[in-house]
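What follows is a single structure, written as structure tokens, with notes after it.
Values in this text are rule-based calculations from the coordinates and carry no lab data. Predicted model, so just to flag it, every value in this text is computed and none were measured. No Cβ is skipped: glycine too gets one built from the backbone with ideal geometry, and neighbour counts run over all protein chains shown.
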Amino acid sequence: MSKTDRYALLYKQAESLVGGETDSVSTMANIAALIQDTFHFWWTGFYRVQSGELLLGPFQGPVACMHIGFGKGVCGTAWKERRTVVVPDVEQFPGHIACSSESRSEIVVPVVQHDRVVAVLDIDSRELGTFDDVDAQWLEKIVTLLPPLQCEEREIYLAAGCFWGAEKYLKLIEGVTFTEVGFANGNTADPTYKEVYTDQTGYAEAVHLRYNPAVVSLRFLLEMYFKAIDPTSLNKQGEDEGTRYRTGIYYTDVADRAVICDVMAAEAKKYVLPLQVEVEPLRNFYSADEYHQDYLDKNPSGYCHLPVALFELAKKAKDTK
Ligand code: SME
């Protein structure tokens, strides 16, 4: 049987094996076993992105390194560069991490879900030059069968004018797991709503969001955010005016900046006027009083600067990438 025929069969088996499974670790374990059963490579397994590094996951073969850094080794390179890396001779790959001295060639395929690398599939061989484009193409297809990996929650802070409507809108988006309203990036300690209202504190009304990146990407959340603001309007959203109503995207993970800038650039093309949306690291955030949390759920006919149609849009929105 040719390599292509063996992969075609393996893919079919993997498909029926995975069908409907929702647990990513079990699925990774069986996919690794299936690849190993078919090809008898030296080592086949997964590393998952956990707390900013690659952490050893289900595998078949000898004991392996547990932790691999971003950009380190073949695995870390595939993660950083978001591409499959084929290494015909590991000794020729600068920075290769030799978990086993037996390994001579290697392939690492990133598992990309919702715009982020969430894991890598790593296969080692005791022969030189074992892997080529055929392996790359089939393995890339096989990893798409994995169910969403349970990644750590992520967070972002969004200022979109009055935080009552902004919170109601943003919390309806599938994948958003937590919201709270408060005051971001100002200059005084522990501000009250009244103080922020004077517009002298430098704070912006903002929504702190946590989300599950396996369900919704930051890119998608930001695209939805832009639908709810006038990004060319400085310090004014709807009828609300003042620096506290400015628009802003405040991040706590610098790795998010690239995606934010990407979305900003794409949105900027839609307008003649320049965007007025601030993009900054989060300097500080103070949660607002309970009175303001989920305000429109508690007061359905309360003031809202956003049109009802937007809430319908948010309810139906699905990140399908
Ligand atoms: N060689 C890999 C490390 C993982 S082991 O091969 C299982 C690398 O350089 O990333």
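For this structure, a couple of remarks:
- Rh by Kirkwood over Cα pairs, then Stokes-Einstein D for the stretch 154-316 at 0.692 mPa s and 37 °C, µm²/s: 209
- The stretch 47-144: GluC sites (Glu not before Pro) in DSSP loop, at most 14 other beta carbons within 10 Å: Glu102, Glu127
- By the beta-carbon count within 10 Å of each Cβ, the least crowded to most crowded order of Met224, Met264, Met28, fewest first, is Met264, Met224, Met28.
- Sparsely packed trypsin sites (Lys or Arg not before Pro) within the stretch 60-123, loop by DSSP, other Cβ within 10 Å at most 12: Arg82
- Cleavage-rule hits, trypsin sites (Lys or Arg not before Pro), the stretch 211-274, DSSP coil, Cβ neighbours within 10 Å at most 13: Lys269, Lys270
- As a proxy for reagent exposure, ranking Trp43, Trp79, Trp138 by other Cβ atoms within 10 Å from fewest up yields Trp138, Trp43, Trp79.
- Each Cα pair of the stretch 278-321 feeds into the Kirkwood radius, which the Stokes-Einstein equation turns, at 10 °C and 1.306 mPa s, into a diffusion coefficient of 116 µm²/s.
- Cα convex hull of the stretch 3-143 - mean projected area over all directions, nm²: 7.7
- Estimated from helices alone, the mean residue ellipticity of the chain at 222 nm is -9500 deg cm²/dmol (sum of -39500 (n - 2.57) over DSSP H runs with n ≥ 4, per residue).
- For Ser233, Ser125, Ser26, order by how many other beta-carbon atoms lie within 10 Å, fewest first: Ser26, Ser233, Ser125
- Put simply, when 196-208, 158-170 are sorted by average Cβ atoms within 10 angstrom per residue, most first, you get 158-170, 196-208.
- Helices assigned as whole DSSP H runs in the chain whose Cα atoms extend at least 18 Å along their own long axis and whose mean Kyte-Doolittle hydropathy is -1.0 or higher are found at 3-18, 24-39.
- Mean projection of the Cα convex hull over all viewing directions, computed for the stretch 95-238: 13.2 nm².
- At q = 0.08, 0.14, 0.16 Å⁻¹, base-10 log of I(q)/I(0) for the chain (Debye sum, equal scatterers on each alpha carbon): -0.47, -0.99, -1.17
- Peptides 57-67, 289-299, ordered by how many other C-beta atoms sit within 10 Å of their residues on average, highest first, read 57-67, 289-299.
- Annotation for the stretch 56-90 versus the stretch 141-177: alpha-carbon center distance of 28 Å.
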